[in-house]
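Participant: Submitted below is the structure of interest, expressed as structure tokens.
The values are calculated or read from the model by the stated rules, or taken from the named source; none is laboratory data. Since this is a predicted model, take the numbers as computed values, not measurements. Glycine gets a Cβ as well: all are built from the backbone with ideal geometry, and neighbour counts include every protein chain shown. Please note that ligands, DNA and RNA were not included when accessible areas were found on the heavy atoms of the full protein model with its side chains. Shrake-Rupley method; radii C 1.70, N 1.55, O 1.52, S 1.80 Å.
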Amino acid sequence: MRAARLIKMVLLLQSRPSMTAAELARELEVSERTVTRDAQALSEAGVPVYADRGRAGGYRLIGGYRTRLTGLARSEAEALFLSGVPGALREMGWEDAACAARLKVSAALSPSLGDASRTASQRFHLDAPSWFAEPKTPELLPAVADAVWDDRRIVARYRRGDGEVGRELEPYGLVLKAGVWYLCARVPRADDGTASFRTYRIDRFLSVDAGGDRFTRDEEFDLPAYWDGQTERFARSILHAEVVVRLSAEGVRRLPHVVDPVSARDALTAGDTPDEHGRTTVTLRVESENVAHAQLTGLGPEAEVLAPESLRERFAGDARRLAGLYATP
């Protein structure tokens, strides 16, 4: 533990001109007295750590010293690619590895590039959770993440409907979608006796035993392509009803923003050509009549529901109520 701390201290001093004892103590999560002892230990080991006295003093490396301890470990290199997603790293338990990787990269950079990490973080930030939702980190996420990195089989129990199901899984990849974590895994022995890829919400896992053997990963597996296919299939699977809508040009433009994008794309692709008034008639697949009412209300007068008649009557009733509300000054 102390050896790792001493290495981190050298890398910190190598990446900056000087650091005070308080700054080092904060970065290393130790007391200033421990910083003093560590600096003395480094000096005795031949690392030229120099302490400047006085109010503006601090610790620095002299003589252009640069450590050779900058080789990235596999875990640090993998975490570095995710370092732009600090919240995700923290939830998976990889924050320390990413921090060490960034320090090693900073130490390896020339002095003119020493502020690269600071300038990048000032200009780019990824906020993954959706609006108006408080994200909750699944308790078992770190164990699942470790198994994903290590290609290690897990035995998971999870909620399905009103019951519980146990599965042996080969965890291939993690996806963070709108603040919700998903595991994409291969089930080596599915119900039909064949291996298949499936997707699981990690917040529904009740237990995870990650002590299994390693599995041989299918190198042809493409996580982004798999996820895109899964999300499109899911979107189509919940669209059980159809409505016929006549849209203005503005309604056509806004349709993908108020209904499912997959449904909007299908409807507009198969829709009629605009009539003499520039209005386009489309058949739109929706989750239900109630959902369609809520979604299409957002288009206001840019959409006219033609069928089913029951939904058209609901919009006609809305129009009469609105007319009554705005008829009186």
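Participant: When you scan segment 214-222, do you find a residue that is crowded, with 17+ Cβ neighbours inside 10 Å and either modelled with pLDDT under 85 or assigned to a strand (DSSP E or B) (or both), even just one?
Facilitator: Within segment 214-222, not a single residue is crowded, with 17+ Cβ neighbours inside 10 Å and either modelled with pLDDT under 85 or assigned to a strand (DSSP E or B) (or both).
Participant: Here is a further query. For residues in segment 182-202 being in a strand (DSSP E or B) and either of a type in the set (Lys, Arg) or modelled with pLDDT under 90 (or both), which is nearest to Arg214 (Cα to Cα)? Outline the logic, then answer.
Facilitator: Step one: filter segment 182-202 for residues in a strand (DSSP E or B), giving 182-187, 196-201.
In the following step, the residues that additionally are either of a type in the set (Lys, Arg) or modelled with pLDDT under 90 (or both) were identified as 186, 196, 198, 201.
Numbers: Arg186: 13, Ser196: 18, Arg198: 19, Arg201: 22 Å.
Restricting to residues being in a strand (DSSP E or B) and either of a type in the set (Lys, Arg) or modelled with pLDDT under 90 (or both), the top hit is Arg186.
Participant: Residues to consider are Arg265, Arg254, Arg214, Arg201; find the one that is within 21 Å of Asp150 (Cβ to Cβ) and among the basic types (Lys, Arg). Walk me through it before giving the result.
Facilitator: On the way: Arg265 fails: within 21 Å of Asp150 (Cβ to Cβ); Arg254 fails: within 21 Å of Asp150 (Cβ to Cβ); Arg201 fails: within 21 Å of Asp150 (Cβ to Cβ).
The match here is Arg214.
Participant: So Thr36 fits all but one of (1) of a type in the set (Ser, Thr, Tyr); (2) modelled with pLDDT of 80 or more; (3) within 31 Å of the chain's Cα centre (by Cα); what number is the exception?
Facilitator: With (1) of a type in the set (Ser, Thr, Tyr); (2) modelled with pLDDT of 80 or more; (3) within 31 Å of the chain's Cα centre (by Cα) applied to Thr36, the lone miss is (3).
Participant: For segment 250-283, give me each residue that is surrounded by fewer than 13 Cβ atoms within 10 Å (Cβ to Cβ) and more than 33 Å from the chain's Cα centre (by Cα).
Facilitator: Once the filter is applied, which keeps residues that are surrounded by fewer than 13 Cβ atoms within 10 Å (Cβ to Cβ) and more than 33 Å from the chain's Cα centre (by Cα), segment 250-283 yields Ala270, Asp272, Thr273, Asp275, Glu276, His277, Gly278.
Participant: While we're looking at this one, here's another question. Hey, can you tell me all the residues within segment 231-249 that are open to solvent by less than 40 Å² (accessible area, probe 1.4 Å) and under 30 Å from Val180 (Cα atoms)?
Facilitator: Ala235, Leu239, Ala241 - these are the residues of segment 231-249 that are open to solvent by less than 40 Å² (accessible area, probe 1.4 Å) and under 30 Å from Val180 (Cα atoms).
Participant: Which residues, counting only those in segment 14-40, are over 12 Å from Gly57 (Cβ atoms), open to solvent by 20 Å² or more (accessible area, probe 1.4 Å) and touching a Phe, Trp or Tyr at 6+ places or on another chain (Cβ under 8 Å)?
Facilitator: Of everything in segment 14-40, just one residue is over 12 Å from Gly57 (Cβ atoms), open to solvent by 20 Å² or more (accessible area, probe 1.4 Å) and touching a Phe, Trp or Tyr at 6+ places or on another chain (Cβ under 8 Å), namely Gln14.
Participant: Going by what's in this entry, would Leu183 be described as touching a strand residue (DSSP E or B) at 6+ places or on another chain (Cβ under 6 Å), closer than 22 Å to Asp151 by Cα and open to solvent by less than 60 Å² (accessible area, probe 1.4 Å)? Explain how you work it out, then say what you get.
Facilitator: Numbers: touching a strand residue (DSSP E or B) at 6+ places or on another chain (Cβ under 6 Å): yes; closer than 22 Å to Asp151 by Cα: yes; open to solvent by less than 60 Å² (accessible area, probe 1.4 Å): yes.
In short, yes.
Participant: Shifting gears a bit: Given (1) in a strand (DSSP E or B); (2) closer than 17 Å to Gly93 by Cβ, where does Ala147 come up short, assuming only one miss?
Facilitator: In the conditions (1) in a strand (DSSP E or B); (2) closer than 17 Å to Gly93 by Cβ, Ala147 misses (1) alone.
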